[in-house]
């Protein structure tokens with residue numbers, strides 16, 4: 001029964017790692033989306 | 001359209017395949033006679049290890065193609081796969097420690113398999129240090145490709161460490177009577193799920209990285225032409 005701490009510790013650590021990584025990439029995606037909007041805005045201003 | 005399909009596949013993996021794995025690991029797989037329930041870390045540990053090798057393998061192949069074609073697309077794929085490989089390798093070391101503590105009574109021991117895996121981890125940390133240290137794009141890509149190719153030579157060493165040297169790390173081909181057939185089936189399903197998951201994560205990371213690369217190039221060109 002006391003081994004369950006290690007079992008759930010291992011699974012929790014793995015899922016925490018993967019979740020943090022996916023959230024970091026979500027942040028990167030938002031950053032790149034805002035840069036694409038900047039480029040879009042710049043091109044629109046040039047065409048005006 | 002491609003991104004939408006990728007997100008759908010990621011959601012499918014997270015909502016269908018992973019719950020199925022958890023059900024198989026915790027409800028269907030038999031309890032190991034000596035180690036008890038803690039042996040169920042095995043399914044996660046081995047799947048993470050194979051996923052890490054997959055990431056490093058993609059890095060290795062992409063680095064070779066980069067050195068031949070000099071196309072930044074391959075450098076981008078190599079670094080994305082390396083990042084995912086490093087994430088999984090870190091998790092292999094952590095889950096391994098959680099398994100070692102109740103079974104070997106230590107969190108870490110200087111066993112050949114563990115040491116070779118730690119060396120592999122340091123090699124790929126070095127890979128990203130090289131990428132941070134060199135600012136010029138093509139030089140950074142070339143140097144890191146060389147580190148990635150040489151670093152991959154440690155992967156077979158990690159796999160064969162338990163054969164070549166005296167090791168206390170479990171070996172699938174050495175276990176008395178082999179694994180229980182049900183354990184093998186659960187292991188294969190978990191392995192498949194993680195390979196699918198790792199491939200999707202590598203591809204998503206690559207698409208973000210490639211978009212960053214292209215947007216930065218456009219920005220630089222605009223700055224040059226319009227001041």
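Being buried (at least 20 other Cβ atoms within 10 Å of the Cβ) and over 17 Å from the mean Cα position of the chain (by Cα) is not true of residue B:81. The listed residues are B:98, B:88, and the only one of them that is in contact (Cβ under 8 Å) with a residue 12 or more places away in the chain, under 21 Å from residue B:202 (Cβ atoms) and either surrounded by 23 or more Cβ atoms within 10 Å (Cβ to Cβ) or more than 14 Å from chain A (Cβ to nearest Cβ) (or both) turns out to be B:88. Against the numbered list (1) part of a loop (DSSP other than H, G, I, E, B); (2) within 12 Å of chain A (Cβ to nearest Cβ); (3) under 19 Å from residue B:185 (Cβ atoms), residue B:34 comes up short only at (3). Just one of the numbered conditions (1) closer than 30 Å to residue B:100 by Cβ; (2) more than 8 Å from chain B (Cβ to nearest Cβ) is not true of residue A:4: (2). Across the range A:1-29, what is the number of residues that are out of contact with any helix residue (DSSP H, G or I) (no Cβ under 8 Å at 6 or more places or on another chain) and modelled with pLDDT of 90 or more? Residues flagged as out of contact with any helix residue (DSSP H, G or I) (no Cβ under 8 Å at 6 or more places or on another chain) and modelled with pLDDT of 90 or more within the range A:1-29 amount to 10. Residues that are within 12 Å of the chain's Cα centre (by Cα) and crowded, with 18+ Cβ neighbours inside 10 Å within the range B:51-78 comprise B:51, B:52, B:53, B:54, B:55, B:56, B:58, B:59, listed in sequence order. I'd like to know if the range B:189-200 contains one or more residues that are outside any helix (DSSP H, G or I), surrounded by fewer than 15 Cβ atoms within 10 Å (Cβ to Cβ) and at negative phi. The answer is no; no qualifying residue exists.
The values are calculated or read from the model by the stated rules, or taken from the named source; none is laboratory data. If you're wondering where the values come from, they're calculated on a predicted model, not measured in any experiment. Heads up, the Cβs are rebuilt from the backbone with ideal geometry, glycines too, and the neighbour counts pull from every protein chain shown.
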